[in-house]
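Here's the structure we're looking at; comments come further down.
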Amino acid sequence: MTDTRDGCTVLGEIVADGLRAAFRAAFPDCGLDFASVRAAATQNPEFGDYQCNDCMTLARALKAAPRKIAAAVVGAGRFPECVDKAWVAGAGFINLKLKDDWLAAHVAGLAGDPRLGAPAAGTGKRIVMDYGGPNITKPLHIGHLRSPNIGSALDNMFRLLGYEVVSDSHLGDWGTQFGVTIMGYRHFGDKAAMEARPMEELERVYVRSYEKAKADPAWMDLCRRELVKLQAGDAANLALWKEFVELTRREVDRVYGRLGFRFDLVRGESFYHEMLQATVDRLVSEGIARESEGAIVAFLEEEKLPPAIVRKSDGGFNYATTDIATILHRVEEFDPEQIIYVHDERQQLHFRQVFAIARRLGVTAGLRHVWFGLMRLPEATFSTREGNVVRLEALLDEAERRALALVAASSRGFAEDAQREIARQVGIGAVKYADLSQNPQSLVTFTWEKALALEGNSGPYLQYARARIASVLDKHAERFPGRDPEAFPIVTSEAVERDLLVRLARFPETVAQAACGGKPSQLADYLYDLAQTYSTFYQNVPFLKSPDGIREARVRMCGITARVLERGLELLGIAAPKRL
Ligand code: ARG
């Protein structure tokens, strides 16, 4: 690697380090270490490649106007070798432009690294990631997409950053729904239907029993009793439970398999059930929970949170009790630096309570809930809607069907099997990307027009961009055999080439920021911007017709762009077919 800072491949950090040194040189006796100084990537080259806006915040501590501070820092002339020039702008910004040859060498260094320069920030650290984990006995619907989708993208990024990740799909396989389903199955179950379409039948009996329970307290009571029996180990109920769990796990595995979601562990809530009483006992003995109206409750006034019931008055345990036991078990087994939960916004209070209780129990690992908003489909997304929920599989089927029409138009020369496989990658990729490209903390409205757009911020757009680059590389290899682009130095003679290099150099920091910020959308935005910059580059400079050397340098940049796009898509869990 060609870095000025030992081992650092994160461009923004290299620049920020240089800035900090310049601040210290300009203000040697002020007593500040300037550790908070940052370099923000600019979008507009008019402002340089990086910009520092800390002079505003430092004005008070340094008792000087921001512009004066900026001028002193620039005037100190202590920037590292990578900086071409620095200048003061606006109200007191410092703009920094990198040297072209340094940038070219830096990108060549990243390209030669199998990790594309991703910093190994997580080496020696372990993260447990909790995502997926649907409540079972119900088919997966579109609301089940975001948790495993966002979760597995973050999981991939953390792994690239060197963390050891243990992913766990915490299935809801022990909750109140089982009492309701057992009653429903015993009274309204249809054996033949159960054999032919088990998920539909399970859902049907669940819904019917649930509706009845809402209207009829006596039925509700019976459901509760079946649940208590199950949790106490009743053989008949356990056998039914096992059957329901196996059926739904098969469904979850199939749908997750289509989406490429894989877990290190699939431990449902049931895995912890024998630890619950001991957990409650510990909470009581440590004074964290106490008896209140027959229940056992943790009062969380200090944390300004509502109380959490950890044992109900009927002796049953809650979702929160299981999560507390789960944290204790994970800490014991994995000693993680962090446990990250990727689940929807409606669970914020639940996790705040659980984390507060875990803290009181002395858990020091980082506990973080990365939450996201709901995904919604406008009315017209499906012509036939069964009930009021759309099954996730129906969405995937439709995506593949629509993608096949696209692929059939663009890759006519392909055999039918190959077309179908590409359509699968394009269709599934389009659905995943439509979610991941949105800020997680916003409501996502899914439309086919946007998901499958060939122009615009979509999965297919990036897949096509990547495939088009592959064909440039092939053409070069065909026309100029024996001239390996990798053997030629990267040179930048045009502004668009420089724009492309700057973007390529930002891959490592983008991955680090997206992972740590819990926002795969940052990586998606980056890839879209990279693909657009590439397309400007490709349209504005000649490739095969340019002079020897320049041609190879350009083809080499194509190759690096292809690798970054491919790796970026892979992190998002999206296939990048070579030909489309
Ligand atoms: N079963 C939960 C649901 O469907 C998700 C699991 C969340 N993970 C956890 N450790 N509580 O909403």
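The values are calculated or read from the model by the stated rules, or taken from the named source; none is laboratory data. What you see is a predicted model; the values in this text were computed from it and never measured. Quick reminder, even Gly has a Cβ in these numbers, built from the backbone with ideal geometry, and neighbours come from all protein chains shown. Ligands, DNA and RNA are excluded from the accessible area calculation, which covers all protein heavy atoms including side chains. Shrake-Rupley method; radii C 1.70, N 1.55, O 1.52, S 1.80 Å.
For region 547-566, the set of residues classified as open to solvent by 30 Å² or more (accessible area, probe 1.4 Å) and out of contact with any helix residue (DSSP H, G or I) (no Cβ under 8 Å at 6 or more places or on another chain) consists of P547, D548, I550, listed by residue number. Is one or more of the residues making up region 101-121 out of contact with any strand residue (DSSP E or B) (no Cβ under 6 Å at 6 or more places or on another chain) and within 16 Å of the ligand (Cβ to nearest atom)? No; the residues of region 101-121 include none that is out of contact with any strand residue (DSSP E or B) (no Cβ under 6 Å at 6 or more places or on another chain) and within 16 Å of the ligand (Cβ to nearest atom). Any residue in region 84-96 that is out of contact with any strand residue (DSSP E or B) (no Cβ under 6 Å at 6 or more places or on another chain) and charged (D, E, K, R)? No, there is no match, as no residue in region 84-96 is out of contact with any strand residue (DSSP E or B) (no Cβ under 6 Å at 6 or more places or on another chain) and charged (D, E, K, R). Given the structure, is G143 over 34 Å from the mean Cα position of the chain (by Cα) and open to solvent by 10 Å² or more (accessible area, probe 1.4 Å)? No: the conditions fail for G143.
Residues of region 16-68 that are among the hydroxyl-bearing types (S, T, Y), in contact with an Asp or Glu (Cβ under 8 Å, 6 or more places away or on another chain) and open to solvent by less than 60 Å² (accessible area, probe 1.4 Å): T42 alone.
Taking the condition of being assigned to a helix (DSSP H, G or I) and either open to solvent by 10 Å² or more (accessible area, probe 1.4 Å) or under 22 Å from D155 (Cα atoms) (or both), how many residues in region 505-546 meet it? Residues in region 505-546 being assigned to a helix (DSSP H, G or I) and either open to solvent by 10 Å² or more (accessible area, probe 1.4 Å) or under 22 Å from D155 (Cα atoms) (or both): 29 in total. Each residue in region 302-325 was checked for being more than 33 Å from the chain's Cα centre (by Cα) and free of Cβ contacts under 8 Å to residues at least 40 places away in the same chain, and 3 pass. All conditions in (1) within 16 Å of the ligand (Cβ to nearest atom); (2) of a type in the set (D, E, K, R); (3) farther than 20 Å from V390 by Cβ hold for K125, with the sole exception of (1). Regarding region 136-156, can at least one residue be identified that is of a type in the set (A, V, I, L, M, F, W, C) and away from the ligand (no atom under 16 Å from the Cβ)? Checked region 136-156: at least one residue is of a type in the set (A, V, I, L, M, F, W, C) and away from the ligand (no atom under 16 Å from the Cβ). Among the residues of region 187-208, those identified as without any contact (Cβ under 8 Å) to a residue 24 or more places away in the chain, over 12 Å from L247 (Cβ atoms) and basic (K, R) are K191, R204. Contact map, region 132-143: first residue over 12 Å from Y256 (Cβ atoms), second residue part of a loop (DSSP other than H, G, I, E, B) and near the ligand (Cβ under 10 Å from one of its atoms), Cβ cut-off under 7 Å, separation 6 or more or different chains; pairs are N135/G175; I136/L171; I136/D173.
Can you list the strands (runs of 3 or more DSSP E) lying wholly within region 287-386 that have 3 or more residues being over 23 Å from S167 (Cα atoms) and open to solvent by less than 50 Å² (accessible area, probe 1.4 Å)? Here the list reads 295-298.
In this structure, M183 does not satisfy being touching a Ser or Thr at 6+ places or on another chain (Cβ under 6 Å) and within 14 Å of the ligand (Cβ to nearest atom). If you go through region 157-172 and keep only what is within 11 Å of the ligand (Cβ to nearest atom) and either of a type in the set (K, R) or open to solvent by 10 Å² or more (accessible area, probe 1.4 Å) (or both), you end up with just H170.
Apart from one condition, L283 fits all of (1) within 30 Å of G233 (Cα to Cα); (2) away from the ligand (no atom under 15 Å from the Cβ); (3) open to solvent by 70 Å² or more (accessible area, probe 1.4 Å); the exception is (3).
Please work out if L395 is open to solvent by less than 20 Å² (accessible area, probe 1.4 Å) and part of a helix (DSSP H, G or I).
Yes, satisfied.
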